[in-house]
1. Go through the range 289-338 and give me each residue that's in a loop (DSSP other than H, G, I, E, B), over 31 Å from the mean Cα position of the chain (by Cα) and surrounded by fewer than 17 Cβ atoms within 10 Å (Cβ to Cβ).
2. Out of contact with any Phe, Trp or Tyr (no Cβ under 6 Å at 6 or more places or on another chain) and crowded, with 21+ Cβ neighbours inside 10 Å: does that describe residue 205?
3. Please report, ordered by residue number, the strands (runs of 3 or more DSSP E) entirely within the range 3-113 with at least 1 residues that are farther than 19 Å from residue 200 by Cα.
4. Looking only at the range 22-67, filter to residues that are touching a Lys or Arg at 6+ places or on another chain (Cβ under 7 Å) and among the polar types (S, T, N, Q); which one of those is surrounded by the most Cβ atoms within 10 Å (Cβ to Cβ)?
5. Answer with yes or no whether residue 264 is within 30 Å of residue 162 (Cα to Cα), at pLDDT 90 or above, β-branched (Val, Ile, Thr) and in a strand (DSSP E or B).
6. Those residues that are assigned to a loop (DSSP other than H, G, I, E, B) and touching a residue at least 60 places away in the same chain (Cβ under 8 Å), I need them from the range 140-159; list them, please.
7. May I ask you to list pairs of residues, at least six apart or on different chains, whose Cβ atoms are under 8 Å apart, with the first in the range 253-272 being within 18 Å of residue 170 (Cβ to Cβ) and in contact (Cβ under 8 Å) with a residue 12 or more places away in the chain and the second being among the hydrophobic types (A, V, I, L, M, F, W, C) and in a loop (DSSP other than H, G, I, E, B)?
Amino acid sequence: MKNNNYVLIMAGGVGSRFWPKSRNNFPKQFLDVLGIGKSLLQLTYERFLKLCPQENIFIVTNSQYRDIIKDQLSGITDNQLICEPSRNNTAPCIAYASFKVAALDPEANIVVAPSDHFILYEDKFLEKIEQALAYTEQHEALVTLGIAPTRPDTGYGYIKYESAAYDGVYKVAQFKEKPSLEKAKEFLAEGNYVWNAGIFIWKASSILSSLKKYSTDIHTLFEKGCELYNTDAERAFIDEYYPTSPNISIDYAIMEQADNVYTIPAEFGWSDLGTWASLYEAAPKDEDDNVIAAKQISVSDTTNSIIHINGEKLAVIRGLENFIVVDEGNALLIYPKEQEQEIKEIVKQMSIQFGESFI
């Protein structure tokens, strides 16, 4: 465990594809969606305690989730909560966090990871992370863990990598947007594509150098606060300037432009748990291939479905195949599993039609 290893856990998303379980005021990273008594954030935090000292783990989130995080992660200090006052996508929050960590430790070697992913084989995951950290320690490189694809999935972005490798680290040739099914099949057949999991490893100096080169406006904005990070004046500076930053992802701002991007293909039982179907794939199933979380339920002639029923409500369900059924609070979702990619847009429409109280 190296003292210059740092982790940024990204925990600011609203998880709208997990509606109605995930809501704006309590999104999926704070939920026990696996039914094991721990939230996805807690599982992620515990995973990284094996990699670096506790004080080197920072949670990058939205200001509205501060109290939830402090409640779920005992021992987290206010300085370890990197709270964005507005949602401006991943490039500004990573830039802010990187300047803050660099001010603490100019030699910082950083892992950036989502808070809401499922990792089945944690030892293999940490092994790949350590491999990446060893590489970035010695090279000015931006490394991403790429997930070896198990199917031609159209819900993920892909990374094409070159054949030449340095000790399992491959130069990235190109980032690909979410493909059509035919394209995804072609990617798998070629054999040199991985899923983009949004897990990044780099030295603080390397990402700041890339921001200066490829996203000058973001770098200039956050550089203004160099003398203020980790002081009492940091919050006021961020509250004033952060909302003026561009709304852009780290992929567009840096990764798709930089010429020192590498990937490490990996297999460690990964799922982004981004949708109900991905939770269905990861969760244990009954004899009818259903995933059921309910206290009182009668299910018959129902297969390949995921069913979450809230509280003490009695549910009687018959004749469903490949469906999502989620009863939570003031909302009920009954939707074909095959069409779940529509849910994010449906939620947006519902907020307009019925108001934010349902979202």
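The values are calculated or read from the model by the stated rules, or taken from the named source; none is laboratory data. These numbers come from a predicted model, not from an experiment. Quick reminder, even Gly has a Cβ in these numbers, built from the backbone with ideal geometry, and neighbours come from all protein chains shown.
1. Listed by number, the residues that qualify are 301, 312, 313, 319.
2. Working: out of contact with any Phe, Trp or Tyr (no Cβ under 6 Å at 6 or more places or on another chain): yes; crowded, with 21+ Cβ neighbours inside 10 Å: no.
In short, no.
3. Per the criteria, 57-62, 81-84.
4. Ranking the qualifying residues of the range 22-67, first place goes to 22.
5. Working: within 30 Å of residue 162 (Cα to Cα): yes; at pLDDT 90 or above: yes; β-branched (Val, Ile, Thr): yes; in a strand (DSSP E or B): yes.
So residue 264 passes the test.
6. Across the range 140-159, the qualifying residues are 140, 141, 148, 155, 156, 157.
7. 260/141; 261/141; 262/141; 265/148; 266/148; 267/148; 268/120; 270/120
To keep it simple, each residue is scored yes or no on (1) farther than 25 Å from residue 128 by Cα; (2) buried (at least 20 other Cβ atoms within 10 Å of the Cβ); (3) free of Cβ contacts under 8 Å to residues at least 12 places away in the same chain.
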| site | (1), (2), (3) |
| --- | --- |
| 182 | yes, no, yes |
| 186 | yes, no, yes |
| 198 | no, yes, no |
| 217 | yes, no, no |
| 238 | yes, yes, no |
